[in-house]
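Chemist: Pasting in a structure now, in C-alpha cells, and then I'll have a few things to ask.
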Ligand SMILES: [Zn+2]
C-alpha cells in the first residue's frame, strides 16, 4: 500500500512534468466511478490547465486553473503512470488523461487493480474540509513532542494503532510505523497513555528519519511489486528496512516477533523494544 514516501515520489515526478500543462482529453473506462459524478468530472477537467501538483497526506492534488482540485487517493493498488501516446495499454487502467505541454502530448493513466482508489473533483471549500481530517505530517517537523504526546495521551489504544491514525499524525502507514517504533525502541503494544514527552520526541525523530529515507529511496516495493513510481519503476527502500519483514533483529540478533495488531502485520523485537508502563504502579495485594 503506498504510504507517504511512495505518494511523495509520484507527486514529485508529476509535478516536475505537468505543472502548467493542459488536460486535452479525459477518458474514463467502462463504468468506473469518479466523484462527484462522471459528467461533472469530465466537464471540469477537459481542456483545463494544471496550475500546480502537490500532496496532502496520501492524496495527490492537481490544482486546476478553473478553481477545482482533482484529487487521487491510491489506496491499496492505485497507480498514476506517465506513458507515451499509444504506448501499450496498462492493466487496470481506469482513467486516461492526455496532457499537453509545449506542443508535446503524453498520457497519464490512473490504474487501480482492487478499485479502492479514488478520483475526486473538489471545490476549494471541499478540499479545505478534506485537509482538516489529517493531523500534522511527521517528517516535516510541524508538530513538537509535547503536542504529539498530548495527542497520543488523549487516545485509548496502542501506539502502533495510533501511528496509523491519520488524524493524530499523517503519513505513516504499516511499514514506516513499524520501522519507526523499532528505531525509537518502543514496543508497538505500548498504550498511548504511557507515552511521555521524551518517548514522543524519540518517536517523532525516528518517524522523520524513516520517512525522509523512504522519500530519498523513492518508496518501498514489496514482493507483490504493486507499488511503482510514475515511470513504472520500483522503489528501493525495501532494501533498507530496519525490522519490517525481517526474521532476525539487526540490533541484538534475536528472533523478530510478528503479530497482527488491528489486522496489520507488525514486526518487533521484544528484547530491544520496551513496553512502556505508566507511572501508576498496580496496588500490591
Ligand atoms: Zn533486538
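Each reported figure results from applying straightforward, stated rules to the coordinates on display, with no laboratory input. Worth saying up front: this structure is predicted, and the values here are computed from it rather than measured. Cβ: placed from backbone, ideal geometry, glycine included. Neighbour counts: every protein chain shown.
Chemist: Could you calculate the FRET efficiency of residue 43 with residue 262 from 1/(1 + (r/R0)^6), where r is the beta carbon distance between them and R0 is 41 Å, rounded to 0.05?
Modeler: 0.50
Chemist: Continuing with this model, one more query. In whole angstrom, note down how far apart the Cα centers of segment 120-150 and segment 27-96 are.
Modeler: With segment 120-150 and segment 27-96 each reduced to a Cα centre, they are spaced 22 Å.
Chemist: How long is the gain from residue 84 to residue 116 if the chain were fully straight, where each residue apart is worth 0.36 nm and the alpha carbon distance is subtracted?
Modeler: 8.9 nm
Chemist: At a temperature of 37 °C and a viscosity of 0.692 mPa s, determine how fast segment 1-117 diffuses translationally according to Stokes-Einstein, using the Kirkwood radius over alpha-carbon pairs as Rh; express D in µm²/s, rounded to the nearest whole number.
Modeler: 230
Chemist: Let me ask another. Give the dimensionless ratio obtained when the Cα radius of gyration of segment 138-268 is divided by 2.2 N^0.38 Å.
Modeler: The value comes to 1.04.
Chemist: Pick from 33, 102, 66 the residue whose mean-square fluctuation is largest in a GNM of the chain, springs joining Cα atoms under 10 Å.
Modeler: It is 102.
Chemist: How big is D, in µm² s⁻¹, for the chain by Stokes-Einstein at 10 °C and 1.306 mPa s if Rh is the Kirkwood radius over C-alpha pairs?
Modeler: The estimated diffusion coefficient comes to 79 µm²/s.
Chemist: So if each residue of separation counts as 0.36 nm, and I subtract the Cα-Cα distance between residue 213 and residue 76, what length gain in nm does that give?
Modeler: Result for the pair: 47.2 nm of gain on full extension.
Chemist: Show that you can apply the helix-only estimate: for the chain, add -39,500 (n - 2.57) for every DSSP H stretch of four or more residues, divide by all residues, and state [θ] at 222 nm to the nearest 500.
Modeler: -8000 deg cm²/dmol
Chemist: Given a Förster distance of 25 Å, report the FRET efficiency between residue 22 and residue 91 from their Cβ-Cβ distance, rounded to the nearest 0.05.
Modeler: 0.35
Chemist: Once you put a point 7 Å from the Cα of residue 146 and another 7 Å from the Cα of residue 32, both along the Cβ direction, what distance in nm separates them?
Modeler: 4.8
Chemist: Under the 0.36 nm per residue contour assumption, what length would be gained going from the current alpha-carbon distance of residue 251 and residue 12 to full extension?
Modeler: 82.7 nm
Chemist: With angles folded into 0 to 90 degrees, how steeply does helix 174-183 sit against the dominant principal axis of the chain? Use alpha carbons for both and round to 10.
Modeler: 40
Chemist: Then there's this: Which residue fluctuates the most in the chain, going by a Gaussian network model with Cα springs under 10 Å, if the choices are 224, 37, 179?
Modeler: Taking springs between Cα atoms under 10 Å, the residue moving most is 224.
Chemist: Go ahead and set up a Gaussian network model of the chain, Cα springs under 10 Å, then flag whichever of 238, 166, 132 fluctuates most.
Modeler: In this elastic network of the chain, the residue with the biggest mean-square fluctuation among 238, 166, 132 is 132.
Chemist: Taking R0 as 25 Å, what FRET efficiency do you get between residue 128 and residue 185 from their Cβ-Cβ distance, rounded to the nearest 0.05?
Modeler: The formula returns an efficiency of 0.05 here.
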